[in-house]
Structure formats: structure tokens, C-alpha cells
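Novice: Would you mind keeping the following structure in view while I ask a few things?
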Amino acid sequence: MTRGQLCGQAPREDLSTEELAVNREKLALLKEALNAVGFSSLEVDSLLAMVAATLHIGDIGFQAPRDPSPTSSASVSDLQLLER
């Protein structure tokens, strides 16, 4: 499962077929290694989902509140990123 698959996205189009194959192989090796040290398949999938969510959150930008009062809060600057 790739980050894009976890987030419901199609694979990146800017990668060559060879790069995609290498990435798939690396992911398979990572999963095998995690299974070898005792992680279940469910735990591996959960771990990858958490990594994908963390990476996605890193893409989200925030803007300062317009009202400087103590009760105002920052807002997401590009709401489309939340729909990924």
C-alpha cells in the first residue's frame, strides 16, 4: 500500500515505470522487515496509514487569524488539501 493509495489518490504520474517498480519493491521489503521483527500485517498497514497521515498534514498550511482576540484561531489556507 502506498501513501497515495492510503489517501485514496492515484499513483504519481511524474514517476517513471521503473521508479514505480523500485518503490513497490522497497515497500515490499519494508513490510517484510516489519513482519520479521514481529509486526502483524494489520499493524504494518496501520503504521503506514499513520505515516501517510503525518505526511499529508505536513502539506497543509495555516494562516493567522484575522481577529487577534484570544478566542480566534488559525485556519487552513488551502481547503482543497483537506479533500485529498
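All of the numbers you see were taken from the coordinates with simple rules; none came from a lab. Treat the numbers as computed from the prediction; the structure is a model and nothing was measured. Methodologically, a virtual Cβ is constructed for each residue, glycine included, from the backbone with ideal geometry; neighbour enumeration extends over all protein chains shown.
Novice: Relative to the Cα centre, what is the charge dipole magnitude of the range 3-83, using +1 at the beta carbon of each Lys and Arg, -1 at the beta carbon of each Asp and Glu, and rounding to the nearest 20 debye?
Specialist: With Lys and Arg at +1 and Asp and Glu at -1, about 180 debye.
Novice: Ok, one more. Highest mean first, how do 43-56, 67-80 rank when packing is the count of other Cβ atoms within 10 Å averaged over residues?
Specialist: 43-56, 67-80
Novice: In the range 3-83, if every C-alpha pair distance is counted and binned at 10 Å from zero, what percent goes to each bin?
Specialist: Reading upward from the zero bin: 15, 32, 28, 15, 9, 1.
Novice: Would you kindly derive the ³J(HN,Hα) couplings of the range 41-57 from the backbone phi angles with the Karplus curve 6.51 cos²θ - 1.76 cosθ + 1.60 (θ = phi - 60°), listing them in order in whole Hz, with x for Gly and Pro?
Specialist: Working through the residues one at a time gives 4, 5, 5, 5, 4, 5, 4, 5, 5, 5, 5, 4, 5, 5, 5, 5, 4 Hz.
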